[in-house]
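The values are calculated or read from the model by the stated rules, or taken from the named source; none is laboratory data. Computed from a predicted structure; not experimentally measured. Using ideal geometry, Cβ is built from the backbone for each residue, glycine included, and neighbour counts are taken over all protein chains shown. Ligands, DNA and RNA are excluded from the accessible area calculation, which covers all protein heavy atoms including side chains. Shrake-Rupley method; radii C 1.70, N 1.55, O 1.52, S 1.80 Å.
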Amino acid sequence: MSRYQHNSSVKLSSMIKPFYISKKKGSEPAVSEAVLPPRESMDFDAVIVGGGPAGLAAAIRLKQLNPDLSVVIIEKGAALGAHILSGAVIDPCGLDLLLPDWREDKEAPLKTKVAADRYYLLSDRRAMRLPNFILPPLMSNRGNFVGSLGNVVRYLGGKAEALGVDIFPGFAGAELLYGERGEVLGVATGDMGIARDGSLKSGFTRGIELRGKYTLIAEGARGSLAKELIARFGLDKNCEPQKFGIGLKELWRVDPSLHRPGLVQHSFGWPLGNDTGGGSFLYHFEDALVAVGFVVHLNYTNPALSPFDEFQRFKTHPSVAPLLKGAERLCFGARAITEGGFQSVPKLAFPGGALIGCAAGFVNVPRIKGTHNAILSGMLVAEHLAAALNEGRAHDELRDYEAAWRQSAIGRDLKKVRNVKPLWSKYGTLGGILLGGLDMWANEIFRASPFGTLPHGKADYACLEPLSEAAPVTYPMPDGKLTFDRLSSVYVSNTNHDEDQPCHLHLKDPAIPLAQNLPVYGEPARLYCPAGVYEVVYENEAERRGPRFVINPQNCVHCKTCDIKDPAQNINWVPPEGGGGPNYLDM
Ligand SMILES: Cc1cc2nc3c(=O)[nH]c(=O)nc-3n(C[C@H](O)[C@H](O)[C@H](O)COP(=O)(O)OP(=O)(O)OC[C@H]3O[C@@H](n4cnc5c(N)ncnc54)[C@H](O)[C@@H]3O)c2cc1C
Ligand code: SF4
C-alpha cells in the first residue's frame, strides 16, 4: 500500500453519519466526576501541550540546556505530524539555531531549496507577474526550503526522543489543572471510552494528570486550552483582537515534465473579490510533489462565501489548471492560521506557564511564515523556563520570557510587517497590497512606519453582514478531477473519529443556529466549514419547512474555523478523544 492510498477500513459512509443535537440547552452529554475513578498523575519539570514545531523546539532546547530535566509532550494527533498542516516554505533560521548540524544530517526533512520565487496578481483569465525588485527584501524566499512541516515535526520528534523527552501522541490536553491560588499546575488528558450519550463504554480509560512545574501551551492557532487561559487571565486585554485566516491545502503529484523543484508561487486577487483578503500558494518540492493552497482571511463579510469552494475555483485558473491536468490529488486538509501579528500578541506568561508558537500568534502574515518563529519562541521560553527551575522556582509567571520576545528576532520579524494586515483589511486587496508594500519598504529603509501601529478593529466573528445585504454567490459543480466536493476531500485527509463519543463541537446555546444564524446569515457554518460538518436539513426541502441543524463531528479536520467565525461565538471546539482527526501525510 503506498503511503497515499487511503485506509480502506475508514469508510466514507461511516464518516458522514450525522449527529443530531438535542434541543435542550447545554445538552452535550457529560459524565459526572463523582462516578469516575480518580485520575492517576505524573510529575514533570515541564509539561508541553502540542507536538508542533513550537512544542518540540521547547522540549529539545530544555534538554539541551539541562539533560536532567523531565519533559513531556502530549499531542492529540494519532502520531506526530498527523494534525500538522502548513505550506510550507520554511525560513531555516530557527532550525539552524536549534539543531546547527541539521543540514548535514542524511535524515534531514527539508531537501528542496527555493529556486525561483514568483508573485502574481490574478484576474479571471490572466496572471500578471509582479517584478521581484518591487518587493521588499523581507519578502524574498532566497535561502528558504520547501517541504512538508509534518515531516519536519516527525524529524524533531526523533531528536526530542533521543534527548529523553517523553512524547505521548494520541493524547489530547482536555482540562487545565489549577492550584489554590489559581496558578496552572498542569493538564489532564481526556478520558477515553465515553459513549455519545455520556455512558461509559467497556474500554473506558480515565485521563491522566500531567503535573508540571511549568506548563507550555503549544497548541497552534486557536488552541482550546489557550482560549481558556486567555479568557481566564485576561491575557488579551491590552492587545488588538487576534485575526485569522483559513488555509486550505491539497498535495498533488504532477507530471514530472511540469515539475520545477524549488519553484515557489504566490497569487492575490481572483477568485476573491477586492474586498476579501487572501491568496494562493503553489510550492514544487521533492519527487514531483506540488503543495497547492489557498488562504481566505476570516474577516470576510459575505456569509454566502465558501472558502472551500473559492479554493476549488482557484485551481481552474488558466495559469494553474494545466499543471494539475492528469495529476493525482494525494491529500487534502485545512487549518486556521493566525494573522493578527505584532499588535495582537496577547500577554504570554500566566502563573504556571506560557503560550508559544501560533498559540501566541507569531505568524508573519505577508511572508505566510510562522514555523521559524514557532521554533524560536520554543527556544526562548525554554531558556527562561530552565533558568527559573535553576532558581528553584515553580508555578509562577515567566516574566522574563514576556519581556524578551519583543526585543528578540521574533519581535523584530513581526514589528516590520505589523501594518500589512490592517491596511489590507481597510483598503482591500489592491490598495492594501500597494500600501502594505510601501509600509514594508519604509520599515526597511527608515526603520519606522508612516502609519505608526494600526489597529485591526473588529474580531473576525463580528465582520459578517446580513445575507439580505450580501451579493449572492454561486459555485460551479466539482468535476472530480481538478475540483472536488467536501466529502471526497475529507476522505483524502484520512480523517477518522470514533463515532460513539460525545460531540466535540459544543454549542453554548443549541437554539442559535436556527433561531439566529439561519434567518440572518443563512447559517454560514454550512459554508465556512471545509469538511461538511454543519448542515441545515429540511423536513420538506422544496418548501424549506422544518429545518434541523445537523452536526457531523466525525468529519472534523480540526481547522478551528467554526470556533473563530461563528457570528454568535456559540461554537466551542474542544478536543475529541485523543488520536481522532485527520492523518495528514506530507502536509
Ligand atoms: C495553510 C497554511 C500555510 C502555511 N504556510 C507556511 C509556510 O509556508 N511557512 C511557514 O513557516 N509557516 C506557514 N504556516 C504557519 C505554520 O504552519 C505555523 O506557524 C506553525 O505550524 C506553528 O507551529 P506551532 O507549533 O505553534 O503550532 P502547530 O504547528 O499548529 O502545532 C500544534 C500541535 O498541537 C497539537 N494540539 C493542539 N491542541 C492540542 C491539545 N489540546 N492537546 C494535544 N495536542 C494539541 C496539534 O494537533 C498540533 O500537532 C502556514 C499555516 C497554514 C495554516
Ligand atoms: S467543525 Fe469546525 S474545526 Fe471542524 S472542520 Fe469544520 S470548521 Fe473546522
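Among the listed residues G147, G182, which satisfies the condition of being away from ligand 2 (no atom under 16 Å from the Cβ), more than 21 Å from the chain's Cα centre (by Cα), over 27 Å from N66 (Cα atoms) and in contact (Cβ under 8 Å) with a residue 40 or more places away in the chain?
Values: G147 fails: more than 21 Å from the chain's Cα centre (by Cα).
Selected residue: G182, the only one of G147, G182 that is away from ligand 2 (no atom under 16 Å from the Cβ), more than 21 Å from the chain's Cα centre (by Cα), over 27 Å from N66 (Cα atoms) and in contact (Cβ under 8 Å) with a residue 40 or more places away in the chain.
Report yes if some residue within segment 369-380 is in contact (Cβ under 8 Å) with a residue 12 or more places away in the chain, under 25 Å from R142 (Cα atoms), outside any helix (DSSP H, G or I) and not β-branched (V, I, T); otherwise report no. Can you show your working first?
Of segment 369-380, the ones in contact (Cβ under 8 Å) with a residue 12 or more places away in the chain are 369-380.
Now drop any that are not under 25 Å from R142 (Cα atoms), which leaves 369-379.
Still in the running and outside any helix (DSSP H, G or I): 369-370.
From what is left, the residues that are not β-branched (V, I, T) are 369-370.
Scanning segment 369-380, I find at least one residue that is in contact (Cβ under 8 Å) with a residue 12 or more places away in the chain, under 25 Å from R142 (Cα atoms), outside any helix (DSSP H, G or I) and not β-branched (V, I, T), so the answer is yes.
In segment 557-577, what count of residues is obtained for those that are more than 6 Å from ligand 2 (Cβ to nearest atom), more than 23 Å from G207 (Cβ to Cβ) and assigned to a loop (DSSP other than H, G, I, E, B)?
Residues flagged as more than 6 Å from ligand 2 (Cβ to nearest atom), more than 23 Å from G207 (Cβ to Cβ) and assigned to a loop (DSSP other than H, G, I, E, B) within segment 557-577 amount to 5.
How many residues are within 16 Å of ligand 1 (Cβ to nearest atom) and among the hydroxyl-bearing types (S, T, Y) if we restrict to segment 529-575?
Qualifying residue count for the region: 1.
Can you tell me which condition R3 does not meet? The list is (1) away from ligand 1 (no atom under 16 Å from the Cβ); (2) under 23 Å from E175 (Cβ atoms); (3) modelled with pLDDT of 55 or more; (4) not small (G, A, S), and all the others hold.
(2)
Out of segment 71-116, which residues are free of Cβ contacts under 8 Å to residues at least 60 places away in the same chain and more than 29 Å from G212 (Cβ to Cβ)? So that I can check it myself, show each step before the final result.
Step one: filter segment 71-116 for residues free of Cβ contacts under 8 Å to residues at least 60 places away in the same chain, giving 96, 100-110.
Those that are free of Cβ contacts under 8 Å to residues at least 60 places away in the same chain and more than 29 Å from G212 (Cβ to Cβ): D101, R103, E104, D105, K106, E107, A108, L110.
What are the residue pairs meeting all of these: first residue in segment 550-572, first residue of a type in the set (S, T, Y), second residue modelled with pLDDT of 95 or more and near ligand 2 (Cβ under 7 Å from one of its atoms), Cβ atoms under 8 Å, and 6 or more apart or on different chains?
Pairs that qualify, where the first residue is of a type in the set (S, T, Y) and the partner is modelled with pLDDT of 95 or more and near ligand 2 (Cβ under 7 Å from one of its atoms), are T561/A334; T561/Y528; T561/C529; T561/P530.
What number of residues within segment 444-454 are surrounded by 11 or more Cβ atoms within 10 Å (Cβ to Cβ), in a loop (DSSP other than H, G, I, E, B) and not β-branched (V, I, T)? Walk me through how you get there before you give the answer.
If we filter segment 444-454 for residues that are surrounded by 11 or more Cβ atoms within 10 Å (Cβ to Cβ), which is where we start, we get 444, 449-451, 453-454.
Within this subset, residues satisfying the condition of being in a loop (DSSP other than H, G, I, E, B) are 449-451, 453-454.
Keeping just the survivors that are not β-branched (V, I, T) gives 449-451, 454.
The total comes to 4.
Here is a list of conditions, (1) at pLDDT below 95; (2) open to solvent by less than 30 Å² (accessible area, probe 1.4 Å); (3) more than 16 Å from ligand 1 (Cβ to nearest atom), and G578 meets all of them except one; can you say which number that is?
(3)
Confirm whether P137 is over 16 Å from G51 (Cα atoms), touching a residue at least 60 places away in the same chain (Cβ under 8 Å) and either crowded, with 19+ Cβ neighbours inside 10 Å or over 21 Å from the mean Cα position of the chain (by Cα) (or both). Before you say what the answer is, go through the steps one by one.
On the way: over 16 Å from G51 (Cα atoms): yes; touching a residue at least 60 places away in the same chain (Cβ under 8 Å): yes; either crowded, with 19+ Cβ neighbours inside 10 Å or over 21 Å from the mean Cα position of the chain (by Cα) (or both): yes.
The answer is yes for P137.
Being more than 14 Å from H506 (Cα to Cα) and of a type in the set (S, T, N, Q) is the filter; apply it to segment 532-556 and report the residue that is farthest from ligand 2 (Cβ to nearest atom). I'd like the intermediate steps shown before the answer.
Going residue by residue through segment 532-556, those that are more than 14 Å from H506 (Cα to Cα) are 532, 535-548, 555.
Those still in the list that are of a type in the set (S, T, N, Q) too: 540, 555.
On the way: N540: 27, N555: 7 Å.
Once the filter is applied, the top-ranked residue is N540.
Which residues, counting only those in segment 284-310, are more than 24 Å from P261 (Cβ to Cβ) and aromatic (F, W, Y)?
Result: Y300, F308.
Does A46 satisfy the condition of being away from ligand 2 (no atom under 16 Å from the Cβ), of a type in the set (A, V, I, L, M) and in a loop (DSSP other than H, G, I, E, B)? Spell out the reasoning first.
On the way: away from ligand 2 (no atom under 16 Å from the Cβ): yes; of a type in the set (A, V, I, L, M): yes; in a loop (DSSP other than H, G, I, E, B): no.
No; evaluated as a whole, the condition is false for this residue.
Mind counting the residues in segment 534-587 that are in contact with a Phe, Trp or Tyr (Cβ under 6 Å, 6 or more places away or on another chain) and among the hydroxyl-bearing types (S, T, Y)?
Final tally of qualifying residues: 1.
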